[in-house]
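Have a look at the structure below, then the notes.
Read-outs throughout are calculated quantities, based only on the coordinates presented, and are distinct from any laboratory measurement. Since this is a predicted model, take the numbers as computed values, not measurements. Positions of Cβ are backbone-derived with ideal geometry, glycine not excepted, and every protein chain shown enters the neighbour counts.
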């Protein structure tokens, strides 16, 4: 009986190991496909819904999707009627499901509180996070400001690098930190 239990336990462990080794882990990341006006904190985005304007943006193809009459229009450019829209300030909802515009009644109703006014969202353009500044089109890409703090090793007396020993020689009280 003990031998049978041992054989069953070993068989179960062997099967579990085989199942675990064949499992696949997939991580979707499309930070480079997201527009600079997109909100931060999302590694993967399929669609943005902008309740204020009742339009969608499909990130993988860089297309705006909006209703004209009773048809959905796909365009690389923002539609003329939204030419004054500030995409950096308008509220955006990330939706990762296929063709959310086909359920526009649901999203329009669910996010109706965001149709009035602007709600503050941090956007990719203003972020100094290295996952965004690695992008070549990011304003801080060439400056490496995301990595270097603004006042690191700079004395308050000027723009020279802070040197503890030379500050002591000058009699500066800041050198005695």
Which residues does a label at residue 63 reach in the stretch 73-87, if reach means a backbone N under 15 Å from a point 7 Å past the Cα toward the Cβ?
73-79
Mind sorting 36, 55 by how few other Cβ atoms lie within 10 Å of their own Cβ, fewest first?
36, 55
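Going by how many other Cβ atoms sit within 10 Å of their own, how do 48, 119, 80 line up, fewest first? Before the final figure, lay out the partial values.
Details: 48 26, 119 13, 80 7.
Fewest-to-most ranking of 48, 119, 80: 80, 119, 48.
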Residue separation times 0.36 nm, minus the C-alpha to C-alpha distance between residue 33 and residue 97: what's the value?
21.4 nm
